[in-house]
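First comes the structure, then the notes that go with it.
The values are calculated or read from the model by the stated rules, or taken from the named source; none is laboratory data. Note that this is a predicted model, so its numbers are computed, not measured. Virtual Cβ from ideal backbone geometry, glycine too; neighbours counted across all protein chains shown.
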Amino acid sequence: MKLTPLLLLILVGVFNNAPRTQGAKILTTLGFPGRSQYIFVETYLKELAARGHQVTVISPFKEKPVQNIRFITAPKIHEYSDKMLKIYKASGFWARHKAFSWTFSLVSECILSDEGVQKLIHSGETFDLFLAEMVQTESLFGLAQHFNATLMGFSSYGNDYVIDELMGNISPLSYNPHITSPRSNIMTFYERLLNRWEIWTEKIVYYIVHTPVMEEQYAKYFPNAKKTLSEVMDSFELILLGQHFTLSYARPYLPNMIEVGGIHISHKPIPIPEDIKQFIETSREGVIYFSLGSNVKSKDLPEETRNTLLKVFGGLKQRVLWKFENDQLPNKPSNVLISKWFPQPNILAHPNVKLFISHGGLLSTIESVYFGKPILGLPVFYDQFMNVKRATEMGFCLGLDLQNLQQSELEQSIHTLLTTPSYAKAAALISERYKDQPEAALDRAIWWTEYVIRHKGTPHMRATSRDLSFVQLHGLDTLAVLLGVPLVTILLLVKLAYWLLCITFGSKHKRFDKQKRN
């Protein structure tokens, strides 16, 4: 089509009126030592850098140089990786959440005490925006006030009651399960009771065990802080949530809570290495992809569990890609290909891959759904149990207990998922719904980030609920008046009636006695 001068003039006018954001200085930290947390924001941060923003990333991992991105590596947390994975297996809700608190406190300490981070803190630099990962590393959020930066959050695991309370979002616990529970939004009475009990228990751990440690760290590393830690926690302007309602369930959100589930999925896939590509494409019966993510290592599985997997995989008609962290896997069947790394999204995108055996991490679940693949979930910790439960109820997943994996159950589950069309159809349907969006998740995340930068915060999006006490927020004071006044009035009327009756019948009784004596 030939562009006329008038049309060119209109187009120039449109582009000139489009919001433009000057290059900003952005600082971000990862609050969890897992590689998947960086994968969630990697594409997003690179896109911000490509748009001219100067991005500084504090991470436990050493990264390749990227234009406009400065990496500060704080690797000390890796020294505790094995210990952290062990304590996650602690029995009992209270013990597990004390373990979570210890982990997040340790992460914060390792980052804030790092030599490179300390150098940055004392550099005199300022930043326009601080991006904080929404896990319980609250002392890290103090970097926002230290660098005089607007505070914005991102959550790779989606949303939970902690973020709701932080942003003032009203979202009932009656259908919002605790993020570490094996429950979905549809709960029985007992599950709702258990859900509330676990959240109350976690809050007790948070206030008694976790908060004092965070406040101590905050005072230690920010002795001249302009704000208290509670004031910092109240200063979040906007949060990016790594979920989407088509992948979970419908629930309320405030306008400064933005769903960006799938932000990490690149629309420019990298080529699959030739040996892996040949392995996939020459398999007549299709391929199964098996990965336990970046935090759980297949090499560390109990020998009994590993042998069960080997027996089942060896008896399949399909070939298996197994993300395995050692160079050798004893007794590996010929139909199994191991590697320390696979380009997971590109593997799942291949039409000859029929099933994903996964730990049930949210990022992996989203990738599987995006490419329309059913899942066999083997959850290990944190949100994975809930993700597998939700996916099972949505019809594209089956779940098993990795700690007590039985050969017959594993064989049956794989057979069911491969031969029952409803699982693949459910995955394809949800994939279609997810992709039907007005813009890509990455574009949405970038737009809202630059919106925060352009307006130097979003006070106009702040919910009044954040400024109300618990009693005011839930209307307990007004409810007391509305219920109390009528109740007091009724009691007074009853008392008055009783008093009148006493006077009336008392007078008659006195007259009767007087007449009787006469």
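Checked against the criteria, T126 counts as among the polar types (S, T, N, Q), modelled with pLDDT of 90 or more and surrounded by fewer than 22 Cβ atoms within 10 Å (Cβ to Cβ). Residues of the range 457-480 that are exposed (fewer than 12 other Cβ atoms within 10 Å of the Cβ) and touching a strand residue (DSSP E or B) at 6+ places or on another chain (Cβ under 9 Å): P459 alone. The residues of the range 277-297 that are polar (S, T, N, Q) and closer than 11 Å to V353 by Cβ amount to a single one, S283.
Just checking, does the range 323-343 include any residue being surrounded by fewer than 17 Cβ atoms within 10 Å (Cβ to Cβ) and closer than 23 Å to A426 by Cβ? Scanning the range 323-343 turns up no residue that is surrounded by fewer than 17 Cβ atoms within 10 Å (Cβ to Cβ) and closer than 23 Å to A426 by Cβ.
Selection within the range 106-120: residues that are in a helix (DSSP H, G or I) and closer than 14 Å to G142 by Cα. The member of this set that is nearest to the chain's Cα centre (by Cα) is S108. Residues that are of a type in the set (S, T, N, Q) and in contact with a Lys or Arg (Cβ under 9 Å, 6 or more places away or on another chain) within the range 104-133 comprise S113, T126, listed in sequence order. Could we say that L166 is at pLDDT 90 or above, hydrophobic (A, V, I, L, M, F, W, C) and within 21 Å of S465 (Cβ to Cβ) here? It is true that L166 is at pLDDT 90 or above, hydrophobic (A, V, I, L, M, F, W, C) and within 21 Å of S465 (Cβ to Cβ). Where helices (runs of 4 or more DSSP H) fall wholly inside the range 170-258, the ranges with 3 or more residues that are without any contact (Cβ under 8 Å) to a residue 40 or more places away in the chain are 189-205, 211-221.
Before we move on, is Y38 crowded, with 20+ Cβ neighbours inside 10 Å, modelled with pLDDT of 90 or more and more than 26 Å from T201 (Cα to Cα)? Taking the combined requirement at face value, the residue does not satisfy it. The criterion of being at pLDDT 90 or above, within 30 Å of A391 (Cβ to Cβ) and exposed (fewer than 10 other Cβ atoms within 10 Å of the Cβ) holds for P438. Of all residues in the range 398-408, those satisfying the criterion of being touching a Ser or Thr at 6+ places or on another chain (Cβ under 8 Å) and not polar (S, T, N, Q) are L398, G399, L400, L402, L405. The set of residues in the range 248-263 that are of a type outside the set (V, I, T), at pLDDT 85 or above and crowded, with 20+ Cβ neighbours inside 10 Å comprises N256, M257, E259, G261, G262.
A quick yes/no check of all residues on (1) closer than 30 Å to L131 by Cα; (2) among the small types (G, A, S):
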| position | (1), (2) |
| --- | --- |
| R390 | yes, no |
| D401 | no, no |
| Q406 | no, no |
| Q412 | no, no |
| P421 | no, no |
| A424 | no, yes |
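Residues Q472, Q403, Q412, Q437: which one is in contact with a Pro (Cβ under 9 Å, 6 or more places away or on another chain) and either farther than 29 Å from I170 by Cβ or of a type in the set (S, T, N, Q) (or both)? The match here is Q403.
Starting from residues that are modelled with pLDDT under 90 and β-branched (V, I, T), keep the ones in the range 41-69 and report whichever is surrounded by the most Cβ atoms within 10 Å (Cβ to Cβ). Explain how you work it out, then say what you get.
In the first step, residues of the range 41-69 are kept if they are modelled with pLDDT under 90; the result is 41-43, 59-66.
Keeping just the survivors that are β-branched (V, I, T) gives 41, 43, 66.
On the way: V41: 24, T43: 18, V66: 15.
Ranking the qualifying residues of the range 41-69, first place goes to V41.
Considering E393, E303, E411, the condition of being of a type in the set (D, E, K, R) and in contact with a helix residue (DSSP H, G or I) (Cβ under 7 Å, 6 or more places away or on another chain) is satisfied by E411 alone.
Among the candidates L337, L355, L316, L348, the residue that is in a helix (DSSP H, G or I), at pLDDT 85 or above and under 27 Å from T420 (Cα atoms) is uniquely L348.
Rundown of residues vs (1) over 18 Å from S291 (Cβ atoms); (2) hydroxyl-bearing (S, T, Y); (3) without any contact (Cβ under 8 Å) to a residue 60 or more places away in the chain, yes/no style:
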position: P379; (1), (2), (3): no, no, no
position: D383; (1), (2), (3): no, no, no
position: M386; (1), (2), (3): yes, no, no
position: L405; (1), (2), (3): no, no, no
position: E450; (1), (2), (3): yes, no, no
position: T478; (1), (2), (3): yes, yes, yes
position: L482; (1), (2), (3): yes, no, yes
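Restricting the range 153-169 to residues that are in a loop (DSSP other than H, G, I, E, B) and of a type in the set (G, A, S) leaves a set whose member that is nearest to H460 (Cα to Cα) is G168.
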